[in-house]
Amino acid sequence: MDGQGGGVGRSLVEALRARYPEAELIAVGTNAAATANMMKGGTVNGATGENAVIYNSARADAILGPIGIVMANAMLGEVTPRMAEAVSSSDAPILLIPMSRCSAQVMGVADRKLADHIKEAVEKLAGVL
């Protein structure tokens, strides 16, 4: 899941597709541009908007995205309170990429390149599924 331009989501899709080529990936964006960009990363399934987030969060095997997907009004208001609630209430493992642009900083998280955080999330996915 991603919002804004979908850059983090696209990077996640590309890394997941490379590591898990047979996985069914669904790109869920807060807006159409984010969904489209994620789909360019290598998935044929995409959905957009609040209802798509709510619906897919309840059915996902795992949810990956920037930390803002669990914070109401993150990403300049694109993440609605209902979206954040749906993601954080999901029974699926949730792997979050730390982003300083979400107005929240997680203590104890190393200041690394985005690509390094994505690589770690993709590797951790194997251990949680």
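Nothing in this text is a laboratory measurement; each read-out follows from the coordinates by a stated rule. Owing to the predicted nature of the structure, the values given are computational and were not obtained by experimental measurement. Note that we place each Cβ from the backbone using ideal geometry, even for glycine, and neighbour counts take in every protein chain shown.
Below, the figures for the structure above:
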item	result
Output for region 95-118, where each listed residue is assigned to a loop (DSSP other than H, G, I, E, B), in contact (Cβ under 8 Å) with a residue 12 or more places away in the chain and of a type in the set (A, V, I, L, M, F, W, C)	Met99, Ala104, Val106
Answer residue from region 75-96, given it is in contact with a strand residue (DSSP E or B) (Cβ under 9 Å, 6 or more places away or on another chain) and surrounded by fewer than 17 Cβ atoms within 10 Å (Cβ to Cβ) and is nearest to His117 (Cα to Cα) among those	Pro93
Top-ranked residue of region 63-82 - restricted to ones that are touching a Ser or Thr at 6+ places or on another chain (Cβ under 9 Å) and in a helix (DSSP H, G or I), ranked as farthest from Ala15 (Cα to Cα)	Ala74
Residue identified as over 13 Å from Met1 (Cα atoms), within 13 Å of the chain's Cα centre (by Cα) and not β-branched (Val, Ile, Thr) among Met38, Met99	Met99
For Ile67: the one exception among (1) closer than 16 Å to Val28 by Cα; (2) free of Cβ contacts under 8 Å to residues at least 24 places away in the same chain	(2)
Any hit, region 97-106, residues being within 13 Å of Gly9 (Cβ to Cβ), buried (at least 16 other Cβ atoms within 10 Å of the Cβ) and of a type outside the set (Lys, Arg)	yes
The one condition in (1) closer than 19 Å to Leu12 by Cα; (2) out of contact with any Pro (no Cβ under 8 Å at 6 or more places or on another chain) that Val109 fails to fulfil	(2)
Residue among Ala15, Ala60, Ala23, Ala92 that alone is touching a residue at least 24 places away in the same chain (Cβ under 8 Å), part of a loop (DSSP other than H, G, I, E, B) and within 16 Å of Lys124 (Cα to Cα)	Ala92
Which listed residue is surrounded by 20 or more Cβ atoms within 10 Å (Cβ to Cβ), of a type outside the set (Val, Ile, Thr) and not in a loop (DSSP other than H, G, I, E, B), from Gly46, Gly127	Gly46
